[in-house]
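The values are calculated or read from the model by the stated rules, or taken from the named source; none is laboratory data. Just so it is clear, the structure is predicted and the values come from calculations on it, not from any experiment. In this analysis, Cβ positions are derived from the backbone assuming ideal geometry, glycine residues included, and neighbour counts consider all displayed protein chains.
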Amino acid sequence: MTRLFGTDGIRGRAGEHPLDDVTVERIGAALAEVLKSGRGRRPRLLIGRDTRESGPAIEAALRRGIEAAGGRVDSAGVTTTPAVACVTRLLGYDAGVVVSASHNPYRDNGIKVFGGGGQKLPEALEADVERRVAAGGAGATAGAAAAGGPTADADPDDTAPPGPIGPEAMADRYLEWLLGSFDPPIACRGLRVALDCANGAASRLAPELFRRLGAEIIPLHDRPDGRNINRDCGALHPQRLAAEVTRARAALGLAFDGDADRCLPVDSTGRILTGDHILYLVAVDLRRRNRLREGVVVGTVMSNLWLERALAAEGIRLLRAPVGDKYVLEAMERGGAIVGGEQSGHIIFLDQCTTGDGLLTGLRLVELLQRTGTDLAAWAATVRPCPQILVNVPVRERPPLELHPAIGPAIRDEENRLGGRGRLLVRYSGTEPQARIMVEADSQSLVEECAARLKTVIETAIGADRP
């Protein structure tokens, strides 16, 4: 059976399998069937999407499949991934679905699914959806609906979730939840903040949120055209934001990705910070207020060695999870952690929600800086991350890296060269056809040489441009 779900939902090139119309309809129908089998009534689903030009067609195909299988659908329109997770929980939907490929280019798209509590769909339910799609029965049902055929009748429990259900009202409900999550309320009057919305789902929500707080905002990349999402902007490319922060003399810059589940800060000098910086500040603040559960924080295998050492100096343990927010959440739940996240700026605050939320992350950072009087730029100037390099290698196939006759020995050779002076991680991307090389050590030349040698080996063995 072909796997559909990766580390962050289903993802691929829009219009191609598994994001062709027929397969998407089958996915929608299978999802509705899985939800109905667990509840014995007509399931209610919420769908939102980011700004990609392929989003409306994929949403429409999902709706056809869901309704053909007896589900009902409300649309949140263009909105962020965490907004869908939040409103799904607040308004009592059985599931929330987001049509987004997050930080990927506009030609890609994806389908993310949240359960009724706002958490990512468990792997067992993902597998059930995959089995039903592979069986093909759902596609026939969806096809009948698309052709005007009958759909399942509503049952007596077919009532709308309480509260407003229009896209504008849903957005307001989400913003109200964000603003109401802080006691005392955050006041940003007089704060000049630059917001890079990545021409994505945060393009309206992020500026509106900070306007309501009284901040003086400088919006960037907030005019999506369906094709410019993530293009040379946002959390993947925060250099323009950094330049604008210094030009406009802003106190802070916040960069989001296409679906706004990430947030990267830029300090007043234009220095670009990472999720590691956020994790440190939040963890130490919680520790000093006796609110850090179990004295642990969850990062990933990519978290810089600086973070682990700095947290240890504060009496805080760093637990490392595989890359991917679902794995971070699993490690948090196992270890009793209240905060965890990734270098990319995908941070989970388990005392407030079960998924990364870029807008919430930005608010948490602003609140912390204001309450503690921390000068972000002055503090960041004291941080000395270990030299780290990340290299992506497009690949045509994905054999087990450690077992490959050329790549496996090369990895072990480089690990021996590093010895105890650094870390090496070679893995496949969970969302793109790439091998990712991460090398970290005390010497910049050492990490560059190690990464270059491994890149050459991988390109030669399984590179996408090789026969």
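Observations on the structure shown:
- If you go through segment 309-332 and keep only what is closer than 18 Å to Leu286 by Cα and either modelled with pLDDT under 95 or not assigned by TED's automatic domain parsing to the domain that holds Leu286 (or both), you end up with just Arg309.
- The residues listed here are Gly335, Gly295; of these, the one that is over 30 Å from Ala250 (Cα atoms), more than 22 Å from the chain's Cα centre (by Cα) and not assigned by TED's automatic domain parsing to the domain that holds Pro219 is Gly295.
- Scanning segment 199-213 for residues that are in contact with an Asp or Glu (Cβ under 6 Å, 6 or more places away or on another chain) and either in the same structural domain as Arg371 (by TED's automatic domain parsing) or assigned to a helix (DSSP H, G or I) (or both) gives a single hit, Ser203.
- Taken together, the criteria exclude Ala201 from residues that are within 17 Å of Arg240 (Cβ to Cβ), touching a residue at least 60 places away in the same chain (Cβ under 8 Å), buried (at least 19 other Cβ atoms within 10 Å of the Cβ) and aliphatic (A, V, I, L, M).
- Residue check for Gly234: of a type in the set (Gly, Ala, Ser), touching a strand residue (DSSP E or B) at 6+ places or on another chain (Cβ under 7 Å), buried (at least 24 other Cβ atoms within 10 Å of the Cβ) and not assigned by TED's automatic domain parsing to the domain that holds Leu368: yes
- Selection status of Leu360, of a type in the set (A, V, I, L, M), touching a residue at least 24 places away in the same chain (Cβ under 8 Å) and crowded, with 21+ Cβ neighbours inside 10 Å: yes
- Residues of segment 338-361 that are outside any strand (DSSP E or B), under 17 Å from Arg291 (Cα atoms) and hydrophobic (A, V, I, L, M, F, W, C): Ile338, Leu350, Cys353.
- Residue selected from segment 1-33 under the condition basic (Lys, Arg) and under 21 Å from the mean Cα position of the chain (by Cα), by the criterion surrounded by the most Cβ atoms within 10 Å (Cβ to Cβ): Arg11
Residues checked against (1) in a loop (DSSP other than H, G, I, E, B); (2) in contact (Cβ under 8 Å) with a residue 40 or more places away in the chain:
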| site | (1), (2) |
| --- | --- |
| Arg63 | no, no |
| Cys86 | no, yes |
| Tyr93 | yes, yes |
| Tyr106 | yes, yes |
| Gly110 | no, yes |
| Val113 | no, yes |
| Arg131 | no, yes |
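- Among the residues of segment 252-290, those that are more than 16 Å from Arg364 (Cα to Cα) and buried (at least 20 other Cβ atoms within 10 Å of the Cβ) comprise Asp257, Gly258, Asp259.
- For segment 162-198, taking the residues that are among the hydrophobic types (A, V, I, L, M, F, W, C) and in a loop (DSSP other than H, G, I, E, B), the one that is surrounded by the fewest Cβ atoms within 10 Å (Cβ to Cβ) is identified as Ala187.
- Tally of residues being out of contact with any Ser or Thr (no Cβ under 8 Å at 6 or more places or on another chain) and assigned to a helix (DSSP H, G or I) across segment 7-52: 18
- Where a residue in segment 65-76 is within 20 Å of Leu19 (Cα to Cα) and its partner, wherever it lies, is modelled with pLDDT under 95 and surrounded by fewer than 20 Cβ atoms within 10 Å (Cβ to Cβ), with Cβ under 6 Å and at least six apart: Glu67/Thr151; Ala68/Thr151
- Qualifying residues in segment 429-445 (those that are under 19 Å from Pro105 (Cβ atoms) and of a type in the set (Gly, Ala, Ser)) - the one modelled with the lowest pLDDT: Gly430
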